[in-house]
Amino acid sequence: MIFIDTNILYHILHRTPLTEEALTVLEENPGDYVIDMTVHNEILFVSLLHYLDK
């Protein structure tokens with residue numbers, strides 16, 4: 001299992017300069033990906049802030 005942190009998801013969801021690098025990390029490390037409830041909460045929170053800022 002491979003744990004996916006909030007940073008990877010954030011860069012993929014919000015198209016930042018690091019998006020391609022985040023996708024490369026996932027492509028080069030195939031396997032079963034897991035995230036926990038803290039990551040769920042963090043990505044929801046930072047995504048909400050991201051969209052409210054626009």
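Let's test this: bin the Cα-Cα distances of the chain at 10 Å from zero up to the farthest pair and state each bin's percent.
Percent of pairs per bin, in order: 24, 51, 23, 2.
Run the quick spin-label model on M1 and L23: label points 7 Å from Cα toward the beta carbon, then report their separation in nm to one decimal.
The two pseudo-label positions are separated by 2.8 nm.
By how many degrees, between 0 and 90 and to the nearest 10, does the Cα long axis of helix 37-53 differ from the longest principal axis of the chain?
With both axes taken from Cα atoms, the answer is about 40 degrees.
How high is the relative contact order of the chain, in percent, counting Cα pairs under 8 Å that sit 6 or more residues apart?
Rounded, it is 48 percent for the chain.
Ranked highest first by average number of other Cβ atoms within 10 Å, how do 34-46, 3-15 line up?
Final packing ranking: 3-15, 34-46.
Can you work out the PRE-style zone for T38? Point 7 Å along Cα to Cβ, and I want the residues of the stretch 1-31 with backbone N under 15 Å.
3-8
Computed from the coordinates by the stated procedures, all read-outs in this text should not be read as laboratory data. Computed from a predicted structure; not experimentally measured. For neighbour counting, all protein chains shown are included, and Cβ atoms are generated from backbone atoms with ideal geometry for every residue, glycine included.
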